[in-house]
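Here the structure is laid out as structure tokens; the discussion comes afterwards.
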Amino acid sequence: MANGVGGAPGPSPSGGIVVDVSGKVRRPGIHRLPPGSRVADALAAAGGARDGVDLTGLNRARVLMDGEQVVVGVPGAVLGGAAPVAGGGSAGAGAPAGAPVSLSSATVDQLDALPGVGPVLAQHIVDYRAQHGGFRSVDELREVNGIGDRRFEDLRPLVRP
């Protein structure tokens, strides 16, 4: 399942997904997983978290998308893909000011903090994400109930898939 660190994997012949698991895990690196795998599967493929790592903020039930990065136990990490951070919430939590919020992993509270997004709209975004397996592009945000053209234009520079 694991390819280790270094080589860039090609497309999975089995139609699976490829994820990058980094941070405080026993075997960080690129891992191939079956479609529909969850963060818990990626964590297991990486040999689990190192001893003493707090996994409280890591949503281990979230379905992964191909090309995603999962960073474990590194609060405030600057992330290149949708990536929950154990002990520090999801991507966007503790990120540098102005860093885009990940639509694919942000919590309701993180989305609620965006201008023009309240708790109800934040929940609509999370519900859409759960029903559609995440966001593949920022443009998909237009399909969320309550996101009109003006709100979309306001949010576009503040979010990432």
By residue number, the members of region 131-161 that are out of contact with any helix residue (DSSP H, G or I) (no Cβ under 7 Å at 6 or more places or on another chain), more than 18 Å from residue 67 (Cα to Cα) and surrounded by 12 or more Cβ atoms within 10 Å (Cβ to Cβ) are 151, 154, 158
Could you check region 23-52 and list, in sequence order, the residues that are more than 24 Å from residue 135 (Cβ to Cβ), open to solvent by 30 Å² or more (accessible area, probe 1.4 Å) and either of a type in the set (Val, Ile, Thr) or outside any helix (DSSP H, G or I) (or both)?
24, 26, 27, 28, 50, 51, 52
Within region 53-64, does at least one residue satisfy the condition of being surrounded by fewer than 20 Cβ atoms within 10 Å (Cβ to Cβ), out of contact with any strand residue (DSSP E or B) (no Cβ under 8 Å at 6 or more places or on another chain) and modelled with pLDDT of 85 or more?
no
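The values are calculated or read from the model by the stated rules, or taken from the named source; none is laboratory data. Treat the numbers as computed from the prediction; the structure is a model and nothing was measured. Heads up, the Cβs are rebuilt from the backbone with ideal geometry, glycines too, and the neighbour counts pull from every protein chain shown. Areas reflect the complete protein model, heavy atoms only, side chains present, ligands, DNA and RNA absent. Shrake-Rupley method; radii C 1.70, N 1.55, O 1.52, S 1.80 Å.
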